[in-house]
Amino acid sequence: MTPRRPPRPEPEHLHNEATATGDHSIAAGNIRNVVIRWALQHPSARWLPLLLACAALVVTGTAWPDGPASQYVLWGALVAVALGTAAARVLVQRPRDARIVATLSLVSVLATVGAWLAFRDVATHGEIDATGKITSKAPDLVDGAPLTLTLRVSPGEARDALRLTLAIDDHDPTAPTCRPVSSVALTSPPYGGAATPAAIHDGGTFDIPVDPQARTVRIDLTLHTDHGCRMDITTTEATLHNA
Amino acid sequence: MTTRITRTAALLALATLTATACGTNQPPSLFTKGQVSVGVKSDQPGTSYLDGYDFNGFDITVARQLLKKLGTEPNFAAVPSERRTTAVTEGRQDLVIATFSITDERSAKVDFVGPYATTPQGVMVRKDDHRIKNLSDLRGKSVCAWSGTTSGTALQKIPGLVFSGKTTADGCVRALENHQVDAVSTDTVILYGFAQSKQYPNLKVVPGIDIDSTNRYGIAMQKGHREDCYKLRDALRDYLNSSDWKRDFTTELPVVPDADAHWEAHYKPNADDLDKYSCRDKPAP
C-alpha cells in the first residue's frame, strides 16, 4: 500500500513559504502585497515619491548650515535624481511594464534617503560659513596694535578648526600705501597646535585649531607694519571646519 | 570663375584683417616713438627743477636713465603737484616722474612703476630758529605744505599744529623765509634739495623728525599700457641693481649722505619690492 502523499499547499500561500511560519506571517505578507499593489496601481500613489522628496527638501531648507557650495554637490546630485525620477513617476500613468513604475519609485525613494544622509553628513561635519558671526572690522590700527576677533559658536556648529581670511588695507587711501609691508600674526594659538601660517599679508588665510566644545572662540592677533602706517583689518571670510 | 576667385580672395583678406585687429588689443607702445612726454616738477631743487631752459635733479636723471635703456628720450614739461594724476589720465603726458608717492587712491587711477626712491616726511626750518627739535615741538607752530601732496594730509592729523596750505613748493619756502610760517613739511628728500640749494642758504632740515609713513615714489603712466609698464619696471630693476642709482642720487642730492649715516636704508628702495607696487590697480604683498 502506497503511503498517502501530504496535501499540496494552496497556490496563494506559496509566496510566503520561504520566510513565513504561522498565521501572523501570512497576514503580514498579505499586507505587503496589498501595499505594493496600491503603490504600483493606485492613481494617488504616483505622487508619493515626489511628496517624499519635496518634504525632505523643505526640511533640509529649514536646517541649511551654509558653507561652501562644493560640499553640497553629492546632495544636489541625489536631490536631482530623486526629483527627476519622482516627476517621471507622476507623468508615467499607464506604463506597458509595471517594472518601470517600480524602478522609478524605488530609485526616487532611495535617492531621497541618500540625499538626506548626505545632507546630515554636511550638517554634522561640513564647513560652516561664520563670516557674519565673527568680528568684522578693526579700523585704524598702528604697528604692534593687538586685536581680538570673537566668534560665537552654536552647539550644532562644533568644529575643530577655523579658516580665517583677512584684508589688511590702508586706513587712509590718500596716504602712502602700507599694504605691501603690513602683516598680521597670531599672538597665541587659541587651542591645541599652532595655526598655519604664523602670519599673513593682505588676503592671506590662517587655519587655526579651535576647541570644538567652546561656545565663544577668541582669536588674538597683532598687526605688524611700518612706522606711521595706519591700517584697517577686515574679516573677509571665516569658515568653521573639521581639520 | 574669375569672379568667384576674386570674391573668395576678398573674403579671406577681410577675415585676416579682422582677426589681426581683434588679436592686437594693446595700444601702440609709448617707447616706439622717438620721444616720450614726461611731466615733472619745476620748482624743487635737487629733485626736479627748471634752471633756465634745462630741467635737472634726481627725478630728471632717473627719467633719462630709464628711457635711455628703452631706446627713447624724454621731453620734459612742468606739471603742478595737484595735476600730476590728470596729466596722465587725460593723456597730456605719457609719464609723470615728479616725486609722486604711490597711494591706493592714485593706484586706482594710474599705473605706477616703482618705487624708484623712498623717503620719510620731515621738517625744514630757518637756520637761526632752534625751537623745533622733535615732533612735539610742532604743537602751536605754523607749518606749511603745498596742495596735492600726501604731506599736507599727514600734517593735518597732528594735533595742535597750525596748518598753512600753499599752492606750490616755492610758495611754502618763500613763506618760511619771510617768517610767515615756522616750518615747511614734506618729504625729506625734497627738503634736502631745498636746503642744499644756493638759492636758500638760510634753511635747514631738522634731523630726527619723522612724520607719518614712508613715501615711495613711483613713475605714473596711463592704465592700459601694461606691456610698457613691465618694460619700464624691468628697466628700473636693472637701474636699482646697478651702481648707477647710488651715483645719480649722491650727485643730485649730495647733502643727504652727509646728513644721514643710514641714507641708503632710508632712500634706496629694494628692487625686490618693485613687483609689489608696479603695474597694479592696488599695491599688494
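Each reported figure results from applying straightforward, stated rules to the coordinates on display, with no laboratory input. The structure displayed is predicted, hence computed values, not measured ones. Positions of Cβ are backbone-derived with ideal geometry, glycine not excepted, and every protein chain shown enters the neighbour counts.
With a ≥ b ≥ c the root eigenvalues of the C-alpha gyration tensor of chain B, is it rounded (a/c under 1.5), prolate (a/b larger than b/c) or oblate?
Judged from the Cα gyration tensor, chain B comes out prolate (a/c at least 1.5, a/b above b/c).
Tell me, what HN-Hα J-couplings in whole Hz come from the Karplus equation 6.51 cos²θ - 1.76 cosθ + 1.60 at θ = phi - 60° for each residue of the stretch B:251-256, using x for Gly and Pro?
6, 7, 10, x, 6, 5
Between A:Asp232 and B:Glu73, what is the label-point separation in nm under the 7 Å Cα-to-beta-carbon projection?
4.8 nm
Rounded, prolate or oblate: which one fits the stretch A:129-241, using the alpha carbon gyration tensor with axes a ≥ b ≥ c (rounded when a/c is under 1.5, else prolate when a/b beats b/c, else oblate)?
It is prolate, given that a/c is not under 1.5 and a/b is the larger ratio.
Please find the FRET efficiency linking B:Arg174 to A:Thr131, where r is the Cβ-Cβ separation and R0 is fixed at 51 Å, and quote it to the nearest 0.05. Walk me through the numbers on the way to the answer.
On the way: r = 55 Å, r/R0 = 1.07.
Between B:Arg174 and A:Thr131 the formula returns 0.40.
A:Leu166's amide H: which non-local residues (gap 5+, or another chain) put their own amide H closer than 5 Å, with H modeled 1.01 Å from N in plane and none for Pro or chain starts?
Long-range HN contacts for A:Leu166: A:Gly203, A:Gly204, A:Phe206, A:Thr236.
Read phi for every residue in the stretch A:233-243 and hand back ³J(HN,Hα) as whole Hz from Karplus 6.51 cos²θ - 1.76 cosθ + 1.60, θ = phi - 60°, with x for Gly and Pro.
10, 10, 7, 8, 7, 9, 10, 7, 7, 9, 5
Roughly how crowded by other chains is peptide B:101-110, in terms of the mean Cβ count from those chains within 10 Å of each of its Cβ atoms? Walk me through the numbers on the way to the answer.
Values: counts 4, 3, 7, 10, 6, 4, 3, 1, 0, 0.
The shielding value for this peptide is 4.
If you find the alpha carbon centre of the stretch B:203-273 and of the stretch A:151-223, how far apart are they in angstrom?
Their Cα centres are 34 Å away from one another.
When only DSSP loop residues count, what GluC sites (Glu not before Pro) in the stretch B:52-139 have their Cβ near at most 10 other Cβ atoms within 10 Å? Spell out each step's value before the answer.
Details: sites: B:Glu82, B:Glu90, B:Glu105; in loops: B:Glu90.
Within the stretch B:52-139, the qualifying GluC sites (Glu not before Pro) (loop, at most 10 other Cβ atoms within 10 Å) are B:Glu90.
Per DSSP H run of n ≥ 4, the term is -39500 (n - 2.57); total these for chain B, divide by its residue number, and report the mean residue ellipticity at 222 nm rounded to 500 deg cm²/dmol.
On the way: 12 runs with 107 residues, N = 285.
Rounded to the nearest 500, the figure is -10500 deg cm²/dmol.
Please label the shape of the stretch B:120-213 as rounded, prolate or oblate, based on the square roots a ≥ b ≥ c of the eigenvalues of the alpha-carbon gyration tensor (a/c under 1.5 means rounded; beyond that, a/b larger than b/c means prolate, else oblate).
Rounded, because the longest to shortest axis ratio a/c is under 1.5.
Using the beta-carbon distance between B:Val162 and A:Thr165 and R0 = 30 Å, what value does 1/(1 + (r/R0)^6) give for FRET efficiency, to the nearest 0.05?
The formula returns an efficiency of 0.10 here.
Inside 10 Å of the C-beta atoms of B:277-283, what's the mean count of C-beta atoms belonging to other chains?
Counting Cβ atoms of other protein chains within 10 Å of each residue's Cβ and averaging gives 3.
To the nearest 0.05, what FRET efficiency results for B:Ala271 and B:Ser29 with a Förster distance of 35 Å applied to their C-beta separation? Walk me through the intermediate numbers first.
Working: r = 24 Å, r/R0 = 0.67.
For R0 = 35 Å, the calculated efficiency reads 0.90.
On average, how much area does the Cα convex hull of the protein assembly as shown cover when viewed from any direction, in nm²?
Value for the protein assembly as shown: 49.9 nm².
Give me a single rounded figure for A:221-229: the average over its residues of other chain Cβ atoms within 10 Å of their Cβ.
2
For the pair A:Asn30 and A:Val92, how long in nm is the line joining their label points, each one 7 Å along Cα→Cβ?
3.1 nm
Karplus couplings for the stretch A:71-86 from phi (6.51 cos²θ - 1.76 cosθ + 1.60, θ = phi - 60°), rounded to Hz, Gly and Pro as x?
Ordered by residue, 3J(HN,Hα) equals 6, 9, 4, 4, 4, x, 5, 5, 5, 4, 5, 4, 5, x, 5, 5 Hz.
Please arrange B:Thr32, B:Thr250, B:Thr214 by how many other C-beta atoms lie within 10 Å of their C-beta, fewest to most.
B:Thr32, B:Thr250, B:Thr214
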